[in-house]
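The structure appears below as structure tokens.
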């Protein structure tokens with residue numbers, strides 16, 4: 001019996017920059033986020049507080065991308081679920097390069113609700129139906145990207161955007 005494997009990523013972190021919203025040739029929105037997560041610990045020998053920050057490139061598509069571009073900003077706290085995808089591209093010298101991204105299937109805004117926040121997407125659907133609706137993946141060869149890629153839930157109110 002063979003097992004196909006699991007590719008699922010869950011992170012909670014803060015945006016390091018404002019969202020980068022682009023439009024693919026077919027008109028679909030694509031938004032990239034740079035999200036920081038940090039590990040904090042005390043050094044056993046010195047007692048000094050240590051922290052290491054990891055940066056994650058998040059990619060959102062269609063309506064989810066539009067909403068993220070409109071309501072998120074540098075510093076926003078987000079919960080992301082998605083899967084890892086590695087994409088190949090060529091630099092200015094024609095050298096093949098690779099980048100690993102998180103293609104988001106769920107985005108929750110963990111900051112307090114802004115006054116101009118829209119009603120939940122797909123209110124007529126149940127949360128379970130929204131979360132598990134299949135989403136076709138857009139072909140990344142149509143993604144017009146001319147630059148290389150740059151580099152704990154604590155009772156916050158949550159605002160969910162599900163892919164439909």
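Just so you know, all these numbers are worked out from the coordinates, no wet-lab data involved. Every value quoted in this text rests on a predicted model; they were computed, and no experiment measured them. Backbone-built Cβ (ideal geometry, glycine too); neighbour counts: all protein chains shown.
What is the mean projected area of the alpha carbon convex hull for region 1-115, to one decimal in square nanometres?
Average of the hull's projected areas for region 1-115 equals 12.7 nm².
Using label points projected 7 Å from each Cα along Cα→Cβ, tell me how many nm separate residue 26 and residue 93, to one decimal.
Result: 3.5 nm between the two label points.
What nm value, rounded to one decimal, do you get for the distance between residue 18 and residue 53 when each label is placed 7 Å out toward the C-beta?
Distance between the two pseudo-spin positions: 1.9 nm.
Could you line up 4, 76 from fewest to most neighbouring Cβ atoms inside 10 Å?
Placing the least packed residue first, the sequence is 4, 76.
Going by average Cβ neighbours within 10 Å, how do the peptides 88-101, 7-20, 52-65 rank, with the highest at the top?
Top to bottom by mean Cβ count within 10 Å: 52-65, 7-20, 88-101.
By how many nm would the segment from residue 83 to residue 100 grow when fully extended, if each residue of separation counts as 0.36 nm and the alpha-carbon distance is taken off? All intermediate terms of the calculation are to be shown ahead of the outcome.
Values: separation 17, 0.36 × 17 = 6.12 nm, distance 1.01 nm.
Here the segment from residue 83 to residue 100 would lengthen by 5.1 nm.
When a/c is below 1.5 the answer is rounded, else prolate if a/b is larger than b/c, else oblate, so apply that to region 33-95 with a ≥ b ≥ c taken from the square roots of the Cα gyration tensor eigenvalues.
oblate
How many nm is it between the label spots at residue 63 and residue 43, if each spot is 7 Å from the Cα in line with the beta carbon?
So the two model labels end up 5.1 nm from each other.
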